1. Quick check, is Ile230 at pLDDT 95 or above and either among the acidic types (Asp, Glu) or over 22 Å from Gly331 (Cα atoms) (or both)?
2. Among the residues of the stretch 149-164, write down those that are farther than 17 Å from Ile17 by Cβ, assigned to a strand (DSSP E or B) and open to solvent by 30 Å² or more (accessible area, probe 1.4 Å).
3. Which condition breaks for Arg15 when tested against (1) more than 26 Å from Thr345 (Cβ to Cβ); (2) surrounded by 14 or more Cβ atoms within 10 Å (Cβ to Cβ)?
4. Of the residues Ala311, Ala291, only one is open to solvent by 20 Å² or more (accessible area, probe 1.4 Å), over 23 Å from Leu45 (Cβ atoms) and either outside any helix (DSSP H, G or I) or not β-branched (Val, Ile, Thr) (or both); which?
5. From the list Gly167, Gly172, exactly one residue is without any contact (Cβ under 8 Å) to a residue 60 or more places away in the chain, open to solvent by less than 20 Å² (accessible area, probe 1.4 Å) and within 30 Å of Leu314 (Cβ to Cβ). Which is it?
6. Looking at Ile47, Ile20, which is the one that is free of Cβ contacts under 8 Å to residues at least 60 places away in the same chain and among the aliphatic types (A, V, I, L, M)?
7. How many residues does the stretch 255-284 contain that are at pLDDT 95 or above, of a type in the set (Phe, Trp, Tyr) and open to solvent by less than 60 Å² (accessible area, probe 1.4 Å)?
Amino acid sequence: MGASTAFHLAESGVRNIVVIDRGDLGRGSSGKPIGGVRAQFSDPLNIELGSRSLRAYEDFPRRPGADIKLDTVGYLFLLDSARQTKDFEVSVKLQNDLGVPSRMITPAEARRLCPYISTDGLLAAAYSPTDGHARPALVVQGYALAAARAGVTIAAHTEVCGIDVAGDRVTGVHTSHGRIGCSTVICTAGAWSASIGDMVGVNLPVRPVRRQLAFTEPLVPSAPRIPFTIDFSSTAYFHNSDDGLLFGLADPDQEEGFDTTWTPEWLEMFRDIARHRAPALADMRTTRGWAGLYEVTPDHNALIGRSPDLANFLYAAGFSGHGFLQAPAVGEVVRDLYLEREPFTDISPLSADRFRHGAGIRPEAHVV
């Protein structure tokens with residue numbers, strides 16, 4: 001979010017931009033996602049953010065100019081209940097109305113797309129051929145390098161220690177390397193955004209939740225090219241990664257916190273599900289994995305907007321697993337908010353103030 005926002009601001013002629021990161025760019029949550037990019041959502045706003053970002057990722061080699069290893073293999077959701085099937089039928093209709101070429105398919109069609117799966121118990125599947133996956137670290141580097149060429153300062157290994165406020169405006173940021181006077185602060189701190197909001201008295205209800213994944217050994221023969229495949233009921237997912245596969249699963253009992261220790265034991269949960277849904281995967285050997293942090297909000301939707309109390313404090317955080325896939329579009333939105341012009345879509349439903357009034361919006365049922 002920070003790199004995308006900096007790129008879009010600089011491209012629009014904004015100067016004196018500083019991106020502050022307490023480590024190296026992309027070494028926090030942005031370096032550890034599963035890389036999925038999609039427009040299959042259940043509400044118009046998330047569909048629009050996903051669709052616009054997909055188009056930006058397709059154009060990434062030209063603008064800003066980087067190979068991000070985009071693989072447009074599609075997203076395949078496996079459905080095993082009548083309720084899931086009905087809900088996805090409604091969502092697919094909405095997606096189609098907004099230009100997304102998703103469709104409902106039979107279990108047999110799903111197996112043809114992904115020969116690893118068992119159709120036992122499946123009622124249907126949802127598939128969109130224009131979705132896929134890319135490499136998050138390459139996206140961060142691509143945006144950051146282009147931003148730096150445009151004059152943006154990247155302040156790595158620099159921690160934010162405090163923020164000065166005078167009246168209804170932010171006036172400066174205190175860092176581990178000194179104070180930076182500023183006319184605007186944009187919070188894109190991911191799982192750490194709540195603490196930045198606290199510095200200025202803005203409630204950003206974001207909590208960190210660990211998610212883990214693993215990589216198989218190189219497969220011989222090599223894996224077929226498959227969609228990003230998700231067993232909707234269990235959240236188990238897998239897709240191609242170099243010469244093997246990537247496995248993942250959201251542990252429903254995972255406690256909140258900033259712990260990013262990778263614990264291979266979680267793989268047994270994945271294997272238990274795979275024995276039923278994709279039996280060949282259950283015994284594949286893995287070589288490594290990692291843990292990263294989801295930045296989760298109460299309704300699993302993002303926080304994007306401008307503080308009503310501090311006019312020059314903007315935020316884009318709390319994407320609940322959708323940050324990477326929405327980053328290009330959100331960079332555009334935050335740019336437009338800064339420039340005080342209308343974004344391409346109305347993002348007011350994503351204001352952090354929705355929780356102040358006890359509102360919230362419809363939660364996304366799945367956060368991969």
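The values are calculated or read from the model by the stated rules, or taken from the named source; none is laboratory data. Predicted, not measured: the structure shown is a model, and the values here were computed from it. Here the Cβ is made from the backbone with ideal geometry for all residues, glycine too, and neighbour counts use every protein chain on show. When the accessible area is computed, the model is the full protein with side chains, heavy atoms only, and any ligands, DNA or RNA have been set aside. Shrake-Rupley method; radii C 1.70, N 1.55, O 1.52, S 1.80 Å.
1. Details: at pLDDT 95 or above: yes; either among the acidic types (Asp, Glu) or over 22 Å from Gly331 (Cα atoms) (or both): yes.
For Ile230, the condition - at pLDDT 95 or above and either among the acidic types (Asp, Glu) or over 22 Å from Gly331 (Cα atoms) (or both) - is met.
2. Residues satisfying the conditions are Cys161, Asp164.
3. Just one mismatch for Arg15, condition (2).
4. Numbers: Ala291 fails: open to solvent by 20 Å² or more (accessible area, probe 1.4 Å).
Going through Ala311, Ala291 in turn, just one is open to solvent by 20 Å² or more (accessible area, probe 1.4 Å), over 23 Å from Leu45 (Cβ atoms) and either outside any helix (DSSP H, G or I) or not β-branched (Val, Ile, Thr) (or both): Ala311.
5. Numbers: Gly167 fails: open to solvent by less than 20 Å² (accessible area, probe 1.4 Å).
Answer to the check: Gly172.
6. Details: Ile20 fails: free of Cβ contacts under 8 Å to residues at least 60 places away in the same chain.
Just one listed residue meets the conditions, Ile47.
7. So the count comes out to 1.
Listed here are the residues, each with its yes/no results for (1) surrounded by fewer than 18 Cβ atoms within 10 Å (Cβ to Cβ); (2) within 20 Å of Ala311 (Cα to Cα); (3) without any contact (Cβ under 8 Å) to a residue 60 or more places away in the chain; (4) within 19 Å of the chain's Cα centre (by Cα).
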{"residue": "Ala146", "(1), (2), (3), (4)": "no, no, no, no"}
{"residue": "Gly178", "(1), (2), (3), (4)": "yes, no, yes, no"}
{"residue": "Gly201", "(1), (2), (3), (4)": "yes, yes, no, no"}
{"residue": "Gln212", "(1), (2), (3), (4)": "no, no, no, yes"}
{"residue": "Pro227", "(1), (2), (3), (4)": "no, no, no, yes"}
